[in-house]
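Here is the structure we will look at, set down as structure tokens.
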Amino acid sequence: MKTAVLAIDVQNGIFNAARPPYESENILDNIRQLISHARKNGNSVIFVQHEAQGVVEYGSDAWKIYDGIAVEEADMRIRKSTPDSFVSTDLDKTLRDAEVDHLIICGYSSDFCIDRTVFRAACSGYRVTLVEDAHTTHDKPHLSAEKIREHHNFILSKHPAVTLMKCSELVSG
């Protein structure tokens, strides 16, 4: 079976925003490393792009993959409109057709899209590696982005199909 990097919502409208997410430069650097590592090892790269009217509208510059991330022709793309990348998309079929059974997940937003997609993937029989320093979010009124990410790393890693790893550990191994 195969591995794929699932880069969720790494889009201009999020990372080029006037108020980018927590540690966005570090997160983007780690995502670039994960993608490069995947390509060197013959693994798939799948970009999941969120669509929301007035925010990241399909086809707009805000909807496009972040300008600082190199997209290659072989990379797959999934359009979504809910936090769970599996809901109303062909992600599961795409993964199964490509014989992917292991997902390395990174991107935005720790408390919504990352959380829902990691949990759904793990419950659907995929092995999941959540890259603890390659996903992010924004501060919320009740909790900082740093604490949100820390919390989701903790709770998601308690699922038996989820492994938590740092980017440096993953790309050096």
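Residue-wise test of (1) under 25 Å from K166 (Cβ atoms); (2) in contact with a strand residue (DSSP E or B) (Cβ under 7 Å, 6 or more places away or on another chain); (3) among the aliphatic types (A, V, I, L, M); (4) surrounded by fewer than 16 Cβ atoms within 10 Å (Cβ to Cβ).
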{"position": "A18", "(1), (2), (3), (4)": "no, no, yes, yes"}
{"position": "R39", "(1), (2), (3), (4)": "yes, yes, no, no"}
{"position": "G42", "(1), (2), (3), (4)": "yes, no, no, yes"}
{"position": "S60", "(1), (2), (3), (4)": "no, no, no, yes"}
{"position": "S88", "(1), (2), (3), (4)": "no, no, no, yes"}
{"position": "A98", "(1), (2), (3), (4)": "no, yes, yes, yes"}
{"position": "I104", "(1), (2), (3), (4)": "yes, yes, yes, no"}
Checking the conditions here, which among I35, I27, I46 is within 27 Å of K93 (Cα to Cα) and part of a helix (DSSP H, G or I)?
I35
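Take the residues of the stretch 44-58 that are of a type in the set (G, A, S) and surrounded by fewer than 18 Cβ atoms within 10 Å (Cβ to Cβ): which is nearest to V131 (Cα to Cα)?
Taking the stretch 44-58 and keeping what is of a type in the set (G, A, S), we get 44, 52, 54.
Now narrow it down to the ones that are surrounded by fewer than 18 Cβ atoms within 10 Å (Cβ to Cβ): 52, 54.
On the way: A52: 26, G54: 30 Å.
If we take residues in the stretch 44-58 being of a type in the set (G, A, S) and surrounded by fewer than 18 Cβ atoms within 10 Å (Cβ to Cβ), then A52 is nearest to V131 (Cα to Cα).
Can you say whether S124 is in contact with a helix residue (DSSP H, G or I) (Cβ under 7 Å, 6 or more places away or on another chain) and polar (S, T, N, Q), as far as the supplied structure shows? Working first, answer last.
On the way: in contact with a helix residue (DSSP H, G or I) (Cβ under 7 Å, 6 or more places away or on another chain): yes; polar (S, T, N, Q): yes.
Yes.
Can you tell me which residue among G54, G68 is out of contact with any helix residue (DSSP H, G or I) (no Cβ under 9 Å at 6 or more places or on another chain) and small (G, A, S)? Can you show your working first?
Numbers: G68 fails: out of contact with any helix residue (DSSP H, G or I) (no Cβ under 9 Å at 6 or more places or on another chain).
Every option except G54 fails the conditions.
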In the stretch 133-151, anything out of contact with any Lys or Arg (no Cβ under 6 Å at 6 or more places or on another chain) and either farther than 17 Å from S24 by Cβ or of a type in the set (D, E, K, R) (or both) is listed as D139, K140, P141, H142, L143, E146, K147, R149, E150, H151
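Here, each number is a calculation from the coordinates, and none is a lab measurement. Here the structure is a predicted model, which means the values were calculated and not measured. All Cβ positions, even for glycine, are placed from backbone atoms using ideal geometry, and neighbour counts span all protein chains on display.
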